[in-house]
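The structure appears right after this line, and notes come after that.
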Amino acid sequence: MKPGSGSSVVTHGASNIAMPTDEILENQFVGDNEKMVRKSFTRIGTISCALVESQLVGREKEKSDLINLISKQDDQQCTVISVWGMGGLGKTTLVKEVYQSQELGGLFEKRACITILRPFVLKEVLESLFMQLDAETSNMKGSNDFGSGTRNVKEELGKLLERKRCLIVLDDLSSAAEWDTIIQSLPKMENASKIVITTREENIAKCCPPKQEDIYKLEVLENRDALDLFTKKVFISYILLNLLNYF
């Protein structure tokens, strides 16, 4: 330290590192303020992310329509419902919003909602379904080892879903072959179970459900709703970008 300086010096630990006390106080002040700012920004970021995930704008009617389709109990056989439309319309957001809705909360004993990943691997799809359908047991046991093939997981799914009312969502099917492979691997489901698929392809949507009334086409948003959604997403993206630039 320079002669005449008003700062005293303290040492730290076994390394005997000298540091002016005014620098220590400044660092502590900055650190405390940074913690407060980080907490505030983290809270804002959490809220912003939640808003991004739940931007269901202008789809109230579609949500109600799908809830009514899924909650119908007039047929004890398993019903397949397809939701289709061009990319970017919000099919995934809409279906997940429906899946999590209070109206469907107590209707199904087993539930699963998965996105079909690329490349398509049947065993991974079946294992993901099993883990969600048997979530409580799977969480207690950890990951399940079904071996290298699909036979074991098919058998376990059969035991799990027997005489159970289930809701299964298969998001982003891209081919009829994927659908055929999955449905042939699932056990026979009754008790008014429902399978909901989303796809961009009309031919896939039409080949899944046996009834025309269970094919749901998602149309583009009205101009005002589309502008509203765009504005909200731009605003939230701006907030998140500022958060990233701050630190």
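The numbers here are math on the coordinates, done by the rules we state, and not lab data. All values reported here derive from a predicted model rather than from experimental measurement. Here Cβ is always computed from backbone atoms with ideal geometry, including for glycine, and neighbour counts include all displayed protein chains.
Here the gap between GLN132 and ASN68, fully extended at 0.36 nm per residue and compared with their Cα-Cα distance, gives a gain of 20.7 nm. List the pairs from LYS63/LYS164; LYS72/LYS211; LYS110/LYS206; LYS164/LYS188 whose alpha-carbon separation is above 19 Å, in the order I gave them. Distance filter (> 19 Å) returns LYS63/LYS164; LYS110/LYS206. Less than 5 angstrom separates the built amide H of ARG111 from those of LEU167, all sequence-distant by 5 or more or on a different chain. Taking label positions 7 Å along the Cα-Cβ direction at both LEU107 and THR92, the computed distance is 2.4 nm, reported to one decimal.
Relative to the current alpha-carbon distance between LYS164 and ASN245, full extension at 0.36 nm per residue lengthens the span by 24.2 nm. Measuring nothing but alpha carbons in region 60-220 and taking Rh as the Kirkwood radius, the Rg to Rh ratio lands at 0.94.
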